[in-house]
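Every read-out reported here was derived from the displayed coordinates using simple, explicitly stated rules and does not represent laboratory data. Fair warning: this is a prediction, and the values are worked out from it, not measured in the lab. When we count neighbours, we look across all protein chains shown, and the Cβ atoms used for this are built from the backbone with ideal geometry, even at glycine.
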Ligand SMILES: Nc1ncnc2c1ncn2[C@@H]1O[C@H](COP(=O)(O)OP(=O)(O)OP(=O)(O)O)[C@@H](O)[C@H]1O
Ligand SMILES: [Mg+2]
């Protein structure tokens, strides 16, 4: 469904954040685990069409998402690492605003927002201004907005940052459920986020940013994400434990 092929990202000043990474993603959960500066957010911004790769290709359902990102964007839920909100709006108002921007009808938005507020445990706080929310509560609003349009591709950058252990467990379960029939990509610094979410991915060959398998598997040697990572390896490569068949 979503492919990144030999993707490299160089920033001005010569910093290479992503180095020749190939990912072929069908339904399932891909966890990116790596130290600060490993290139996780850079990779996710490329996959979310926020930034263009310096070289390489991004394909969504076989079509070039760099040349024309619209189809991927229509099917995308993205939570950036630096997610910001309007502090004077309530959670419900903020989600309604984003739902309108995503083109949801008012009626379906209302039902969806109720459902998502419940999912992220914010029903009771939905009428309070976001300026009074804790960091973890704001993260939950960010997660809710990523799921508004029932996206096929969910990219969440450090979604569990600031969540308490109970909320983290709840969110991991939610992502694992969503990954049954969607592409879910998350980054984290917390190994257990990847271990216990039972993701379907395999580990990358090398590099500071890597994909987690059932057992998180990460090399921290390199500052740049590199190598080939395929949660759905081409046949006849045998599947790693915990992988699903290509979707
Ligand atoms: N807009 C930018 N301009 C220049 N360099 C950048 C830019 N964005 C990221 N970098 C550099 O690219 C490298 C990868 O950064 P990135 O934010 O992708 O890493 P990360 O794995 O998400 O880190 P963290 O765990 O701290 O969120 C870092 O060295 C960073 O300084
Ligand atoms: Mg980051």
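At what distance in nm do the modelled label points of residue 68 and residue 6 sit from each other, each positioned 7 Å from its Cα along Cα→Cβ?
Each label point lies 7 Å from its Cα, and together they span 2.4 nm.
Using only alpha carbon pairs under 8 Å that are at least six residues apart, calculate the relative contact order of the range 88-150 and give it in whole percent.
The value is 49 percent.
Using alpha carbons only, how many angstrom separate the centre of the range 50-86 from the centre of the range 1-47?
The range 50-86 and the range 1-47 have Cα centres separated by 12 Å.
Rounded to a whole number, what is D in µm²/s for the range 88-150 from Stokes-Einstein with the Kirkwood radius over alpha-carbon pairs (37 °C, 0.692 mPa s)?
My calculation gives 291 µm²/s for D.
Relative contact order for the range 10-131 using alpha-carbon pairs under 8 Å, separation at least 6, rounded to a whole percent?
With pairs under 8 Å counted, the relative contact order is 18 percent.
Stretched out fully, how many nm does the piece from residue 15 to residue 57 gain, at 0.36 nm a residue minus the Cα gap?
13.2 nm
Taking 10 °C and 1.306 mPa s as the conditions, I'd like the Stokes-Einstein D for the range 1-80 in µm²/s, using the Kirkwood hydrodynamic radius from alpha carbon pairs.
123 µm²/s
Taking 0.36 nm per residue of sequence separation and subtracting the Cα-Cα distance, how much length would be gained by fully extending the chain between residue 118 and residue 189, in nm to one decimal?
Contour length minus Cα-Cα distance gives 22.9 nm.
Which order do the peptides 60-68, 169-177, 23-31 come out in when sorted by mean C-beta neighbours inside 10 angstrom, highest first?
23-31, 169-177, 60-68
Could I have the simple spin-label model distance between residue 22 and residue 105, label points 7 Å from Cα toward Cβ, reported in nm to one decimal?
Between residue 22 and residue 105, the label points sit 4.5 nm apart.
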